[in-house]
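The values are calculated or read from the model by the stated rules, or taken from the named source; none is laboratory data. These numbers come from a predicted model, not from an experiment. Glycine gets a Cβ as well: all are built from the backbone with ideal geometry, and neighbour counts include every protein chain shown. Side chains are part of the model used for accessible areas, which takes the heavy atoms of the whole protein and leaves out ligands, DNA and RNA. Shrake-Rupley method; radii C 1.70, N 1.55, O 1.52, S 1.80 Å.
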Amino acid sequence: MYFESFEAFLQMGRHGAYVWSAYGLSLLLIVASLVSAVRAERGARQTVRRLRQRANNAGENAK
Amino acid sequence: MFLASLHRELLLVWRRPAEIINPLFFFVMVCSLFPLAVSPRPALLASIAPGIVWVAALLAVLLSSESLFRQDHDSGALEQMLVAPQSLYLAALAKMLAHWLLTGLPLVAIAPVLAYMLHLPASGYTALFVGLLLGTPVLTAVAAIGAALTVGLRNAGVLLALLVLPLYVPVLVFGAGVVIYAVDGLATDGVLALLAAMAIAAWTLAPAAVAAGLRISSGN
Amino acid sequence: MWSTLVRWYHQLGSPRYFYRFSTVVLPWLWVLAIVLTAVGLVWGLAFAPEDYQQGNSYRIIFIHVPAAGAALTGYVAMGVAGLVALVWRMKMAEIMIRAIAPFGAVLAAVALLTGAIWGKPTWGTYWVWDARLTSMLIMLFLYLGVVALMKAIEDDRQGARAASLLSVVGVINVVVVKYSVEWWNSLHQGSTINLTRETTMPAEMLVPLLVSMAGIYLLFAVSVLVRARAEILRRERKSRWLQEEV
C-alpha cells in the first residue's frame, strides 16, 4: 500500500473528499444501471416462463 | 419533377405568410431580449452579439422546422409521397430547399439589422452575413432529419429540440467563431470554407437521411 | 480467418444463437469484469504513487478516463450498429442500439461528474469550459437524445430504427464536434485553463489505469449483453425456441 496508515488513505492528503465522492458517485451510477439491466432481464425471462407454462397447460387441456 | 414539388412547397407556404413572418418575429424578439436581460452597454453587447444572433437564428430555424412534415403527415400527402414512384430523396430536397428559402434566407437578410442594434463592430458584418448564408442551410438540413424522425409523435416539439440541438454545436461554434475572427482582424476564408463544406455535405447526405427517417416514422 | 469472421457475424446476428452464446459467456464475463474493475480501482486508489503535481486528486483518473473512453467507444459502436440496422435491417443490430444507449449515457455522466469533481482541486472550480469536458457534455446530450427518441416511440422496432438513424447522424457529428470544440477552445484561450498533460505516465500509474479501463469496458460489454438478452426475451417471448431455452 502506498499510504502509511488507513487514515492517510481515507484523507488522501487534502483531497479525500474529492476522490471518495467521485468514486462513490461513479460506482452508484454504474451499479444502479447494471442492477436495472439485470432486473429487466430477469423480469422478461419470468414472463417467457409464464407464457410457456400457459402454453403447456393449454396443450394438456386440449388432450 | 424536382421543380414541380419545389413549386408546390413554395406555393403552400406562400398561402400562409405567417409561416414566413413568425420565425422572423421570433428571431427579432429573442435578439432584443438580451440587451434587456444583460445590459445595454455597447461594449458588452458588441462582444456577445455574434453569439446572440447565431443562437437566435438557430432557435428560429429549429422552431419553424417542427411543422416541416406535420401538415403533409396529417393530410395524408406524406403517405402518397412514400408510395409514389418519384424519388423520395428529391422530394425531401425540395421540402428542405423551400423551407430554407422561406425561413433561413429571410433570417440571413435581417441579421445585419440586429447586429447593428447589438453594436457589432463594422469589421464583423461580412463574416456574420456569409457565415449565416452558409450555416443556415446546415441548420435546416439537420432540423429536417429531426423533424422526419419525430413526425406523427405527440409532443414532438421538445423532443425535436433534444435531438437537434447537440447536432447544431459545430455550426454554431464555427458560425459565431468566424465573426469573432473577423472582429479580431484574422483571416476568415478558412473557416468560411469549412462552413461551405459542411453545407455541401449536409445537403447531399441529409435528403437521404430525411427520406429514411420518413420511412421509419411511417412504419415501412 | 475472414470466413470465420463472416460466419460469426451471421451466427451472432441471429437472436437465437446470440441468446445461447450470451448464456455461456455471461457468467465468465461478469467475473472477469468485476475482478478487473476492482483490481484496477483498488490498485489506483491505494497502491499507485502520488502525482507530484496534483497530489492524490489525480486518482480520479482511474475511473474518469475509462468512463470517458468507454462512453466514446460505445457511441461509435452504436453508430456502427445503427448503420448495420439501417442497411441490412438486421434484427440483432436494432437490439444492440437499445442495449448500448443506457449504459453509454451513464458512463458519459460518470465521466462528466468525475471530471467536474477533479476540476475543483485542480482548477479551483467544478466547471471549466475545457475542450474535453465540453465534448463530453455534448456526447451526453447526444446519448440522451437517442434514449429520449427510443422512449417516445411506442413501437419497439420503429423506435430502434429511428434511434439507428439518429446515432449514425450523431457519429458523423461527433467527429466534427471534436474538431470544432478544440478550435473553439483555442479561439477563446485565456478564459479557460488547459489541462492537457503531454507528459508520459510512469508505469506504476499506467498499469492500474489500463487494468481499470479493461474492467470498465468489460462491464459495458456485460451491460450490453444483459440488456440485449432482456430485449430478445421481450421480442421473441412467443417463439418456441426461446420458451424451451429459459
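Tell me the carbon and sulfur percent of the accessible area for segment B:2-217, rounded to whole percent, probe radius 1.4 Å.
Carbon and sulfur: 72 percent of the exposed surface of segment B:2-217.
Within 10 Å of each candidate Cβ there may be at most 10 other Cβ atoms; applying that plus a DSSP loop requirement, which GluC sites (Glu not before Pro) in segment A:1-42 survive?
Details: sites: A:4, A:7, A:41; in loops: A:4.
Qualifying residues, ordered by number: A:4.
Order C:169, C:222, C:39 by their accessible area, 1.4 angstrom probe, all chains in place, largest first.
I get C:39, C:169, C:222, largest accessible area first.
If you rank C:17, C:179 by how much accessible surface each has, with a 1.4 Å probe, what is the order from largest down?
Details: C:17 90, C:179 125 Å².
Result, largest first: C:179, C:17.
Kindly state, to the nearest 0.05, the FRET efficiency for residue A:55 paired with residue B:204, given R0 = 41 Å and r defined as their beta-carbon distance. List each step's numbers first, then the result.
On the way: r = 52 Å, r/R0 = 1.26.
Taking R0 as 41 Å, the efficiency between residue A:55 and residue B:204 is 0.20.
By how many degrees, between 0 and 90 and to the nearest 10, does the Cα long axis of helix B:169-183 differ from the longest principal axis of chain B?
30 degrees
Would any residue of segment B:45-67 have its amide N under 16 Å from a label point 7 Å out along Cα→Cβ of residue B:22? List them or say none.
B:59-67
Could you state the angle between the C-alpha long axis of helix C:156-187 and the longest principal axis of the C-alpha atoms of chain C, as a value from 0 to 90 degrees rounded to the nearest 10?
Taking Cα atoms only, the helix is inclined about 20 degrees.
Could you compute how much accessible surface residue B:16 exposes when probed at 1.4 Å, giving the result in Å² to the nearest 10?
80 Å²
Determine the gain in length on full extension of the stretch residue C:35-residue C:88; use 0.36 nm per residue of separation and subtract their C-alpha separation, reporting nm with one decimal. Write out the running numbers ahead of the final one.
Details: separation 53, 0.36 × 53 = 19.08 nm, distance 3.72 nm.
In short, 15.4 nm is gained.
Just to be sure I understand: if you take the accessible area of chain C alone plus chain A alone and subtract the pair, with a 1.4 Å probe, what total do you get in Å², rounded to 100?
Numbers: alone 13720 and 6000 Å², together 16460 Å².
The summed interface area works out to 3300 Å².
How far is helix B:42-65 tilted off the main Cα axis of chain B, in degrees rounded to 10, range 0 to 90?
Compared with the principal axis, the helix lies near 0 degrees.
Kindly report, to the nearest 10 Å², the accessible surface of residue C:90 as traced by a 1.4 Å probe over protein heavy atoms only.
Rounded to the nearest 10, the figure is 30 Å².
For residue B:70 and residue C:4, what does the FRET efficiency come to when R0 = 56 Å and r is the distance between their Cβ atoms, rounded to the nearest 0.05? List each step's numbers first, then the result.
Values: r = 49 Å, r/R0 = 0.88.
The value I calculate is 0.70.
At most 14 other Cβ atoms within 10 Å and a DSSP loop assignment: could you name the trypsin sites (Lys or Arg not before Pro) in segment C:92-191 that fit?
On the way: sites: C:98, C:132, C:151, C:157, C:161, C:178; in loops: none.
Passing sites in segment C:92-191 do not exist.
Could you pull the accessible area for residue B:64 with a 1.4 Å probe, rounded to 10 Å²?
Using a 1.4 Å probe on the heavy atoms, I get roughly 20 Å².
Can you sort A:42, B:215, C:59 by solvent-accessible area, 1.4 Å probe, largest first? If you can, show how the numbers build up before the last one.
Values: A:42 135, B:215 95, C:59 0 Å².
From most exposed to least exposed: A:42, B:215, C:59.
Using θ = phi - 60° and the Karplus relation 6.51 cos²θ - 1.76 cosθ + 1.60, list the HN-Hα couplings for segment B:200-214 in order, rounded to whole Hz, with x at every Gly or Pro.
For segment B:200-214, the Karplus-derived couplings read 5, 4, 4, 7, 7, 8, 4, x, 5, 5, 4, 4, 4, x, 5 Hz, x marking Gly and Pro.
What longest region of chain C stays clear of GluC sites (Glu not before Pro) that DSSP places outside H, G, I, E and B and that have at most 11 other Cβ atoms within 10 Å? Let's see the in-between values first.
On the way: sites that count: C:154, C:198.
For GluC sites (Glu not before Pro) (loop position, at most 11 other Cβ atoms within 10 Å), the longest site-free span of chain C is C:1-153.
Expressed in nm to one decimal, what extension gain is obtained for the pair residue B:7 and residue B:39 from 0.36 nm per residue of sequence separation less their Cα-Cα distance? Don't jump to the answer; show the numbers that get you there.
Values: separation 32, 0.36 × 32 = 11.52 nm, distance 4.48 nm.
So the extension gain works out to 7.0 nm.
Using a simple charge model, +1 on the beta-carbon of Lys and Arg, -1 on the beta-carbon of Asp and Glu, nothing else, what dipole does the protein assembly as shown show about its Cα centre, in debye to the nearest 20? Each step should come with its number before you reach the end.
Details: 38 positive and 26 negative charges, 435 e Å.
The dipole of the protein assembly as shown has a size of about 2080 debye.
Between residue B:83 and residue C:127, what is the FRET efficiency for a Förster distance of 45 Å, r being their Cβ-Cβ separation, to the nearest 0.05?
Values: r = 51 Å, r/R0 = 1.14.
Given R0 = 45 Å and the Cβ-Cβ separation, E is 0.30.
Along segment B:126-137, what does the Karplus equation 6.51 cos²θ - 1.76 cosθ + 1.60 (θ = phi - 60°) give for ³J(HN,Hα), rounded to whole Hz, x for Gly and Pro?
Calculated HN-Hα couplings, in order: 4, 4, 5, 5, 5, x, 5, 4, 7, x, 4, x Hz.
Once phi is turned into ³J(HN,Hα) by the Karplus curve 6.51 cos²θ - 1.76 cosθ + 1.60 with θ = phi - 60°, what whole-Hz value does each residue of segment B:73-89 show in order, with x for glycine and proline?
Result, rounded to whole Hz: 5, 5, 7, x, 5, 5, 4, 5, 4, 5, 8, 5, x, 5, 5, 5, 4.
So how far apart, in nm, are the two label points at residue B:113 and residue A:14 if each is 7 Å from Cα heading toward Cβ?
5.7 nm
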